[in-house]
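A.B. asks: What follows is a structure written as structure tokens; I'll ask about it next.
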Amino acid sequence: MKLQQLRYLCEVVRQGLRISAAAEALHTSQPGVSKQLRLLEEELGVDILVRNGKRVVALTEPGKALVVIAERMLRDAENLKRMGEDFRNEAHGRLTIAVTHTQARYALPETVRRFSHLYPDVRLSLHQGNPRQIAEQVISGEADFGIATEALTLYDDLITLPCYEWNHCVICPPRHPLLKARHISLEILARYPIVTYDIAFSGRAKISEAFEQEGLEPNVVLTAIDADVIKTYVELGLGIGIVAHMAFDPKRDRNLRAIDLGHLFPPNVSRIGIRRGAYLRRYMYDFIEIFVPHLTRKDIDAALDTDA
């Protein structure tokens, strides 16, 4: 039995049992993947895959059990490799973080600057996506960890740790009548066309829930995944914007004004997600500690040990 065979099997499962897609992802040939899976079945003496002609249509019961073990073995093999790299050269390596646009654009720049200065020989990559994509990248091992506000806690394969709380704010042009209101309410916001986030991003679900609880229907005229896009259309007069407060910078956004909406919408918690059983190299701990000073290595290890 070879780790390569287990890797092929797990990738086939990850690609929805499509051997051609797995072969492409693994940069190898479809016949090569099929051959190795046949050899694995012969060695184990059981069928792993249910085939209909040349197509794989399902996993057998032994196959399902094998995939669980294979994934664990591949994680352990990757952890051993990382441990060796850590002892051999602790300041060299790669760090891939899956992250939403809001986190990458507004929350991470200073952390990236400090980390890059501390570890110039670590190749840092940011993979932007929606919360579901972020979770899947971390679970698959494509990313070392993910940072998002939504969804991460919904995945059993992830350990999540809170990073920070944030609120929404409403943005509008400098002479907008909203700025004259003594008290901003949901009823007042509902009078104006609104530009805000897509439902999967940046606490949008909490915005919708707050209006719904008051029996109000917000006039959402445009949604986007990017706060900069929202700000652009607010500047063009399409409506008022509801964005994460961290996305508003008075020095940069000179043509806009912001009003905090912490009294209308519940606070949001951005979290970092780590795959269960993952081995973190020293510079990974340091990145997390730079980004979230209250999360020490001891705290992170305690969360990982709880999973053991």
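A.B. asks: Looking for whichever is touching a residue at least 40 places away in the same chain (Cβ under 8 Å) and within 21 Å of ASP198 (Cα to Cα) here; the options are THR153, THR160. Which one fits?
C.D. replies: It is THR153.
A.B. asks: Do any helices (runs of 4 or more DSSP H) lying entirely in the stretch 1-99 carry at least 2 residues that are exposed (fewer than 12 other Cβ atoms within 10 Å of the Cβ), modelled with pLDDT under 85 and not aromatic (Phe, Trp, Tyr), and which ones are they?
C.D. replies: 61-88
A.B. asks: So which residues in the stretch 147-178 are over 30 Å from ALA278 (Cβ atoms) and loosely packed, with under 14 Cβ neighbours inside 10 Å, if there are any at all? First the steps, then the outcome.
C.D. replies: To start, the set of residues in the stretch 147-178 that are over 30 Å from ALA278 (Cβ atoms) comprises 167-178.
Once the filter is applied, which keeps residues that are over 30 Å from ALA278 (Cβ atoms) and loosely packed, with under 14 Cβ neighbours inside 10 Å, the stretch 147-178 yields PRO174, ARG175, PRO177.
A.B. asks: Another question, if that's okay. Select from the stretch 124-137 the residues that are in contact with a helix residue (DSSP H, G or I) (Cβ under 8 Å, 6 or more places away or on another chain) and not in a loop (DSSP other than H, G, I, E, B) and write down the one among them that is surrounded by the most Cβ atoms within 10 Å (Cβ to Cβ).
C.D. replies: Looking at residues that are in contact with a helix residue (DSSP H, G or I) (Cβ under 8 Å, 6 or more places away or on another chain) and not in a loop (DSSP other than H, G, I, E, B), I get ILE134.
A.B. asks: Tell me, which residue of the stretch 272-308 that is open to solvent by 40 Å² or more (accessible area, probe 1.4 Å) and of a type in the set (Ser, Thr, Tyr) is nearest to HIS245 (Cα to Cα)?
C.D. replies: THR296
A.B. asks: Quick check, is ALA143 closer than 22 Å to ASP76 by Cα and outside any loop (DSSP other than H, G, I, E, B)?
C.D. replies: no
A.B. asks: Taking GLY141 as the residue in question, decide whether it is surrounded by 14 or more Cβ atoms within 10 Å (Cβ to Cβ), more than 23 Å from ARG105 (Cβ to Cβ), of a type in the set (Gly, Ala, Ser) and in contact (Cβ under 8 Å) with a residue 60 or more places away in the chain.
C.D. replies: Spelling it out, GLY141 is indeed surrounded by 14 or more Cβ atoms within 10 Å (Cβ to Cβ), more than 23 Å from ARG105 (Cβ to Cβ), of a type in the set (Gly, Ala, Ser) and in contact (Cβ under 8 Å) with a residue 60 or more places away in the chain.
A.B. asks: Can you tell me which of (1) open to solvent by 10 Å² or more (accessible area, probe 1.4 Å); (2) under 29 Å from PHE211 (Cβ atoms); (3) not in a strand (DSSP E or B) is the one VAL269 doesn't meet?
C.D. replies: Single failed check for VAL269: (3).
The values are calculated or read from the model by the stated rules, or taken from the named source; none is laboratory data. These numbers were taken from a predicted model, which means no experiment stands behind them. Positions of Cβ are generated from backbone atoms using ideal geometry, with glycine treated the same way; all protein chains shown enter the neighbour counts. Surface accessibility is based on the protein's heavy atoms, side chains included, excluding ligands, DNA and RNA. Shrake-Rupley method; radii C 1.70, N 1.55, O 1.52, S 1.80 Å.
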